[in-house]
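The values are calculated or read from the model by the stated rules, or taken from the named source; none is laboratory data. Values in this document were obtained by computation on a predicted structure and should not be read as measured data. Heads up, the Cβs are rebuilt from the backbone with ideal geometry, glycines too, and the neighbour counts pull from every protein chain shown.
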Amino acid sequence: MKKIYVLDTNILMDTAGTAINGFDDNDVVITGTTIMELEKHKNDEGETGFNVREASRIIKSLRERGNLYEGVDLDFGGTFRIEENGVEHELPEWMLISSKTENDNRILASTLTLIEKNPDMRVVLVTNDGLMQIRADALGIETQEYKNDSITTDDLYTGRRLLSLSVEHMNRLYKNGSLPISELNEYELEGQERSEFLENEFLQIMALENNQSALAWIKGDEIVLLDGDVINDEYMGLTARNAGQRFMMAALNAPAEEIPLVIVYGPAGTGKTLVSEAVGLSKTYGSEFGGSGTEYKSVYITRSNTLPENENLGFLPGDLEEKMGPLLAPFIDNLEALLKMNGEESADQVEMMMEDLTREGGPVKIVSLAYIRGRSIPDSFIILDEAQNTTAKQIKTIITRAGMNTKIVLLGDPEQIDAPRLSKKMNGLVYAAEKLKGQKLTAVITMTEEECMRSELAKVAERLL
C-alpha cells in the first residue's frame, strides 16, 4: 500500500535534501514549517548551512516540475509536495508549554491533519529526533528513523579474521608469499565460504599442527603475506605492538593509487591515531622520521566537531590553528610523544620540531572539517578522527575531496557516539566501512579490546562505566 512520508526538518538538514528521493514510489511531504526552518538556517556557516542550501536547491529543482503545493512527480514514481495547512490542529496542553518546541508542534499538528484527511493511507513521520518521536507516540503518530544512511546488519564488518592452515599450506605460503584461496580445504575453512573473503581483508593465520603463524591479507583470489619490512619497520621511533597495528601499517603504507581510503575503528587506547600520525609523517616530512618523505606533501589533521556550532569556530579567539587547538589537542600530544620516540629528548628540541612541523607552510596542517570538505586536496595524507560523529553525507563529501595521490584515513569508535541523531548503526564511519568493504581501493581494520594499550583501570572503565 502506498504511504505518505512526512519528513521532519532534521531529515533534510542531515541529508542535504537527498532524502526526498529516498522513499521509492511513495508520497513525500514536508510542511510549510520546514520551509521556514530551512529559511532560518540557510546562511549558517559550516555543515548546517551547506546542507540547508543543498536541500533548497533540490526543492527548487522540483519546483520546475509544477506546483509544489499541489504536488510534483518524483523520479521513482512517487510524488513530493509541501503541506501548508494543518498547524491549527489541537494538541495536548503539556506540549504547548515551551516555545522551544513550537516548530516541532506545528509539524506534529500538520501530520495529524494529514492522517485525518487520508484515512485510507498510512501516514508516517520520518524523524531522527528521539524526543520528537516520543511526542509523536503520545499523539498516535507512527514514526520512523531515516535508515537509508544507516547499516542494516548488527554485525559490523571487522576487516579481519582468524584462519587455520595445514603445515603444508603454511609452508607454501611462506615459500611463495601467497596461496590461492581455491586450495583451502573444508577443514581449513571451518564452515566459511571461499566467496566470503573480501579484497584487502586481513588474516591472522595459525598452522594446525604446530606454532607457526603469519599475517596476511586477501588480494584478488589469493592470500598474500604482509611485507615484513613494512609491518615491522619503525616510524618516527614507533613500532607495531600487535596484529591490529601491523594491519594498519600495511594499509597506511600502501600507495595512494592502490588504497586511497583506510578506515580504522575500535576502542580508545589501541593506537589508531598514533600509528596514523607516525606513518603519515614518515612519508611526508623526511628520512629523519624513518621514511622517504617524498610520497606526500602534507599531513592534514582534523576531527569531527560535536560542538553545537559544528564547524563554525568563529566564536573562538585567534587564528584557525588556535581555534582548532582545543579540539585537536590529542593530535598535538601524539606529535610530541612521537618526537620523543624519534630521539628528540630535550623540551627545547621537541618545541622547535613542533614549530617546524606546524608552522605556516609546514607539512602538518591543522584544519576544520569544513576546510577538508570544501577543497580537492592532492598529494596529501588526511587524518579524520572521531569520524563516528559524522553523518553519511559528511563522509561522502570528504571522501570525494581526495585529489590525485591523496590517502584519507578515517578513525573512530562506533561505541562512543556524541553527536545527536547519530547511533552505532547510523554514522559516517560505519556507513563508509559497510558500503566500501571489499573494494580494492579501501582497507577496513577493526582494533580489538585486547589490543588496547591503556592501563587495566582504563580498560575496565571503558567496558563497565
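Enumerate the pairs (first residue in segment 125-151 and within 15 Å of D14 (Cα to Cα); second residue anywhere and charged (D, E, K, R)) with beta-carbon separation below 7 Å, excluding pairs fewer than 6 apart on the same chain, so at least 6 apart or on different chains. Listed pairs, sorted by first residue: V126/D8; T127/D8; N128/D14; N128/E145; N128/R421; D129/D8; D129/R421; S150/K425. The residues of segment 57-75 that are in contact with a helix residue (DSSP H, G or I) (Cβ under 8 Å, 6 or more places away or on another chain), surrounded by 12 or more Cβ atoms within 10 Å (Cβ to Cβ), not in a helix (DSSP H, G or I) and not β-branched (V, I, T), listed by number, are L68, L74. The conditions of being under 26 Å from A16 (Cα atoms) and either among the aromatic types (F, W, Y) or free of Cβ contacts under 8 Å to residues at least 24 places away in the same chain (or both) are not met by Y187.
Of the numbered criteria (1) part of a loop (DSSP other than H, G, I, E, B); (2) touching a residue at least 40 places away in the same chain (Cβ under 8 Å); (3) surrounded by fewer than 19 Cβ atoms within 10 Å (Cβ to Cβ); (4) in contact with a helix residue (DSSP H, G or I) (Cβ under 7 Å, 6 or more places away or on another chain), the one D25 fails is (4). Out of all the residues in segment 413-426, is one or more outside any loop (DSSP other than H, G, I, E, B) and modelled with pLDDT of 90 or more? Looking through segment 413-426, none of the residues is outside any loop (DSSP other than H, G, I, E, B) and modelled with pLDDT of 90 or more.
When the helices (runs of 4 or more DSSP H) confined to segment 335-412 are screened for residues that are under 24 Å from E47 (Cβ atoms), those reaching at least 2 such residues are found at 369-373, 392-399.
Among the residues making up segment 417-446, a single one is acidic (D, E) and in contact with a Leu (Cβ under 9 Å, 6 or more places away or on another chain): E434.
Let's see how each residue does on (1) under 26 Å from the mean Cα position of the chain (by Cα); (2) more than 30 Å from E193 (Cβ to Cβ):
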| site | (1), (2) |
| --- | --- |
| L68 | no, yes |
| G77 | no, yes |
| I82 | no, yes |
| L91 | no, yes |
| M121 | no, yes |
| N128 | yes, yes |
| D137 | no, yes |
| G159 | yes, no |
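Give me the residue from segment 386-428 that is under 13 Å from the mean Cα position of the chain (by Cα) and among the basic types (K, R) and, out of that set, surrounded by the most Cβ atoms within 10 Å (Cβ to Cβ). This residue is K393. Taken over segment 232-271, residues that are more than 25 Å from the chain's Cα centre (by Cα) and either within 22 Å of E199 (Cα to Cα) or aliphatic (A, V, I, L, M) (or both) amount to 2. A109 meets the conditions (1) at pLDDT below 95; (2) farther than 28 Å from S61 by Cβ in every case but one. The failed one is (1). Residues of segment 28-56 that are in a loop (DSSP other than H, G, I, E, B) and in contact (Cβ under 8 Å) with a residue 12 or more places away in the chain: K42, D44, E45.
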